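Working notes, beginning with the structure itself.
The values are calculated or read from the model by the stated rules, or taken from the named source; none is laboratory data. Only a predicted model underlies this, so the values are computations on that prediction, with no experimental measurement involved. We place every Cβ from the backbone using ideal geometry, glycine too, and count neighbours over all the protein chains shown. Quick note on the areas: whole protein, heavy atoms, side chains included, nothing else; ligands and nucleic acids left out. Shrake-Rupley method; radii C 1.70, N 1.55, O 1.52, S 1.80 Å.
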Amino acid sequence: QVLSDVFNAPVFTIDTANSACLGSVYRAIHGLVAERNVSLADVVKLAPEPRLAVTPTPGAEELYRPLLKRYAELEQKVIYNPASSC
């Protein structure tokens, strides 16, 4: 629920063990075949059907939007000037 609220997006799951690892594998395969113009959609078309797990809590976006903006600003500061970010 927290991921859904923070990113204001529905969260889907698949009924398989280690589904997060499976997602990483699909991204890695896509990276290997992308130069042949194979889309990520083509790579995952044989994946198990996802099911909706949770949707964002109404009103959560107002709470998290400013925090996500601040996080992005801090991340950019670390990326572009790591010595002064500590």
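Within the range 68-86, being touching a residue at least 12 places away in the same chain (Cβ under 8 Å) and open to solvent by 80 Å² or more (accessible area, probe 1.4 Å) holds for no residue.
Go through the range 14-39 residue by residue and tally those that are of a type in the set (D, E) and closer than 29 Å to V54 by Cβ. Total meeting the criteria: 1.
Of the residues making up the range 1-60, just one is assigned to a loop (DSSP other than H, G, I, E, B), of a type in the set (S, T, N, Q), open to solvent by less than 90 Å² (accessible area, probe 1.4 Å) and free of Cβ contacts under 8 Å to residues at least 12 places away in the same chain, namely S39.
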